[in-house]
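Working notes, beginning with the structure itself.
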Amino acid sequence: MLEAFLRAGIWMPNSCNQGTCGTCKLQVVCGEVDHGDSPLETLTAEERAAGLALACQARPLAETEVALRGSEPGRTTHVLRDLTATVVGVEEIARDTRRILLGLEEPLAFSAGQYVELLVPGTTERRPYSLANTAEEDKVLELHVRRVPGGVASEWLFGPVAVGDRVEVRGPLGDFHAPDADEDQGEPMVLIGGGTGLAPLLGIARTALARHPERTVVLYHGVRVEADLYDTDRLEELAAGHPGFSFVTVLSREAVRGHRHGYAPDAFVEDIAGARGWSGWLCGPPPMVEAGVKAFKRRRMAPRLIHREKFTAADAPAP
Ligand code: FES
């Protein structure tokens, strides 16, 4: 059902597209659905009995009417599309981390922060990757990819991938994205990314600064060791052009001069005494995101201004 709505350009909340986050839960008003692979942890037996369904897993079995739980009127929706892309760049950017650039024949409309799925060549497996682009950078998609040992996409992206390869792309997906221009009040922002969770934050921060060049934007990039850091030159360039932008690199497993030692959410709590009226953006492994939510609340950020994207085991081995 989710796919049908998104392909028709109708907004529906969604995040993981795998039945694990519960974002796409909706109410079946009448009709009947097959819940497919909906896990019981995400959609309990009681919820099924009460007529709830996960849009990303359910298929209608008859004419079915559904209602969204809560709505966001006027929300920008980009049509979900299938495209064939060409690999135009493969760059080693950090330890076990690559930047992959995918050229499109026609532009893809999306909001900064959303993700696409790649159909791994030679398999039937799709893997999600956040876009590091702003919405204007719509002809060459930029992905940051971390190697997952045995991961089906890693086998390709850290193996035979080559410039000129063709790959099927589906997107855009996800609710983690920069606010629509007419809703963006230019409030101060803090962004915390773990590892390649930096990717969507780069798109969101650059979008926010293009709209309000003077706004305060603080970005924390948390990784394990210095060799995991990347794009610091890009962040320095952004800081040089925007006096309100600053970034902090945080290493959890080693103490190195010039970087903070510890965890990025803790560094935020140490640095910023109050974040009332700020918006917060978190992308990375679930424990980091959960710690980030707590840190934001501790500094009085309103829950409605906290946005998060959890990386699940994105590139598991093929079943
Ligand atoms: S459970 Fe459907 S989008 Fe996450």
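Summary of computed values
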quantity	calculated
Elements of type strands (runs of 3 or more DSSP E) in region 124-193, at least 1 residues being surrounded by fewer than 16 Cβ atoms within 10 Å (Cβ to Cβ)	140-146, 166-173
Residue 229 under 20 Å from residue 129 (Cα atoms), in the same structural domain as residue 188 (by TED's automatic domain parsing) and surrounded by 13 or more Cβ atoms within 10 Å (Cβ to Cβ)	yes
Search result, residues across region 6-38 that are within 11 Å of the ligand (Cβ to nearest atom), polar (S, T, N, Q) and at negative phi	14, 15, 18, 20, 23, 38
Pair list, Cβ under 6 Å, 6 or more apart: region 153-165 residue in contact (Cβ under 8 Å) with a residue 40 or more places away in the chain, other residue open to solvent by less than 40 Å² (accessible area, probe 1.4 Å)	153/120; 153/127; 153/315; 154/315; 157/145; 163/87; 165/87
Which numbered condition residue 293 misses (of (1) of a type in the set (Val, Ile, Thr); (2) open to solvent by 20 Å² or more (accessible area, probe 1.4 Å); (3) under 21 Å from residue 188 (Cβ atoms))	(2)
Selected residue (only one of 97, 77 is over 23 Å from residue 18 (Cα atoms), hydroxyl-bearing (Ser, Thr, Tyr) and surrounded by 14 or more Cβ atoms within 10 Å (Cβ to Cβ))	97
Residue among 41, 3, 65, 46 that is within 14 Å of the ligand (Cβ to nearest atom) and surrounded by fewer than 13 Cβ atoms within 10 Å (Cβ to Cβ)	41
Given (1) at pLDDT 95 or above; (2) in contact with a helix residue (DSSP H, G or I) (Cβ under 7 Å, 6 or more places away or on another chain), index of the condition residue 170 fails	(2)
Selection from region 262-285 of residues that are over 13 Å from residue 222 (Cα atoms) and open to solvent by 10 Å² or more (accessible area, probe 1.4 Å)	269, 270, 271, 272, 273, 274, 276, 277, 278
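Every residue, every condition in (1) at pLDDT below 95; (2) under 21 Å from the mean Cα position of the chain (by Cα), yes or no:
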position: 7; (1), (2): yes, yes
position: 31; (1), (2): yes, no
position: 37; (1), (2): yes, no
position: 48; (1), (2): no, no
position: 62; (1), (2): yes, no
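The values are calculated or read from the model by the stated rules, or taken from the named source; none is laboratory data. Being a predicted model, the structure only gives us computed values, none of them experimental. Counting neighbours? That spans all protein chains shown, and the Cβs are built from the backbone with ideal geometry, glycine included. These area figures cover heavy atoms from the full protein model, side chains too; ligands, DNA and RNA do not enter into them. Shrake-Rupley method; radii C 1.70, N 1.55, O 1.52, S 1.80 Å.
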